[in-house]
Amino acid sequence: MSFKLSKENIGQIIFMLASVVVMGFSLSILVLTSFGTDPCSAMNYGVSGAISASGMLKIFGINVISFGTYQLLFNLSLIIIVILCKPSLIGWGTLGNMIVVGYTADFFAWFWHHVCGIPPALPLAIRLAILVPGLILFVLSAACYMHSGLGMAPYDAIPFIISEKVTEKTGKDSFRIIRLVQDFLCTMIGVLTGGAYGLMTFLMVLTLGPVVQSVGNFLTRHDREATD
């Protein structure tokens with residue numbers, strides 16, 4: 001685990017925080033499109049919505065499990081595994097993703113509907129118009145957050161840990177397959193619980209990992225060229 005705070009890495013932390021805020025913002029846009037979010041968010045929207053609908057967790061009649069709260073609790077359960085298996089993957093970026101993305105998405109969902117007056121169901125033309133910029137922002141911000149080098153979200157770390165163990169035994173890189181299986185399982189849970197799933201969710205199962213990896217590689221090459 002690395003939570004160093006110094007003049008040298010303050011820029012990295014600011015970069016990471018900006019990235020996760022944009023992730024939450026773009027996630028709220030993807031929800032507006034009704035074409036689906038990333039697999040993990042689709043699942044967390046579904047489970048948090050099911051808990052709220054059941055009325056199981058209420059304080060003074062108010063539902064206390066928002067998407068952001070459930071996402072934080074979900075990641076807290078996963079971070080125990082990461083601490084036990086690969087604590088070096090935990091850092092400021094881990095906390096930023098766990099806390100900031102979900103609550104930023106919650107804030108903008110409130111802002112769109114209660115301040116801007118955007119209805120829950122938008123016309124198809126508007127949904128299509130905001131889909132591409134929302135998707136681009138989400139992928140770029142996800143790549144930037146991972147590129148910050150300040151740790152992974154527990155959800156992202158789990159397939160890395162498993163694939164590392166598999167590679168040690170078989171000698172084969174299995175990360176993409178394990179990530180695909182994880183994303184597919186989360187998507188199915190999202191479908192069963194009525195989460196924020198759609199066509200884009202199923203496409204992200206197949207493409208999100210490789211695309212984020214490609215953008216990250218591009219940013220790495222750019223950094224190397226800038227320092228040469």
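The values are calculated or read from the model by the stated rules, or taken from the named source; none is laboratory data. Computed from a predicted model, the values in this text were never measured in an experiment. Virtual Cβ from ideal backbone geometry, glycine too; neighbours counted across all protein chains shown.
Going by the structure shown, is Ser88 out of contact with any Asp or Glu (no Cβ under 9 Å at 6 or more places or on another chain) and in contact (Cβ under 8 Å) with a residue 24 or more places away in the chain? Yes; evaluated as a whole, the condition is true for this residue. Among the residues of the range 117-124, is there at least one that is part of a helix (DSSP H, G or I), surrounded by fewer than 15 Cβ atoms within 10 Å (Cβ to Cβ) and free of Cβ contacts under 8 Å to residues at least 24 places away in the same chain? Checked the range 117-124: at least one residue is part of a helix (DSSP H, G or I), surrounded by fewer than 15 Cβ atoms within 10 Å (Cβ to Cβ) and free of Cβ contacts under 8 Å to residues at least 24 places away in the same chain.
Per the conditions (1) assigned to a helix (DSSP H, G or I); (2) exposed (fewer than 13 other Cβ atoms within 10 Å of the Cβ), the sole criterion not satisfied by Leu185 is (2).
Residue count for the range 55-80 under the criterion of being loosely packed, with under 14 Cβ neighbours inside 10 Å and modelled with pLDDT of 70 or more: the result is 3. Of the residues examined, Tyr145 is not one that is part of a helix (DSSP H, G or I), modelled with pLDDT of 90 or more and under 18 Å from Leu27 (Cβ atoms). Scanning the range 1-46 for residues that are touching a residue at least 24 places away in the same chain (Cβ under 8 Å) and of a type in the set (D, E, K, R) gives a single hit, Asp38.
Here the condition is being over 21 Å from Met43 (Cβ atoms) and either of a type outside the set (Phe, Trp, Tyr) or assigned to a helix (DSSP H, G or I) (or both); of Leu135, Leu128, Leu76, it holds for Leu128 alone. All conditions but one from (1) within 20 Å of the chain's Cα centre (by Cα); (2) modelled with pLDDT under 95; (3) not charged (D, E, K, R) apply to Val21; the one that does not is (2). Among the residues making up the range 91-106, those that are within 12 Å of the chain's Cα centre (by Cα), under 18 Å from Leu5 (Cβ atoms) and either of a type in the set (S, T, N, Q) or not in a helix (DSSP H, G or I) (or both) are Thr94, Asn97. Regarding the range 129-144, can at least one residue be identified that is closer than 12 Å to Leu32 by Cα, more than 22 Å from the chain's Cα centre (by Cα) and either surrounded by fewer than 20 Cβ atoms within 10 Å (Cβ to Cβ) or among the charged types (D, E, K, R) (or both)? For the range 129-144, residues closer than 12 Å to Leu32 by Cα, more than 22 Å from the chain's Cα centre (by Cα) and either surrounded by fewer than 20 Cβ atoms within 10 Å (Cβ to Cβ) or among the charged types (D, E, K, R) (or both): present.
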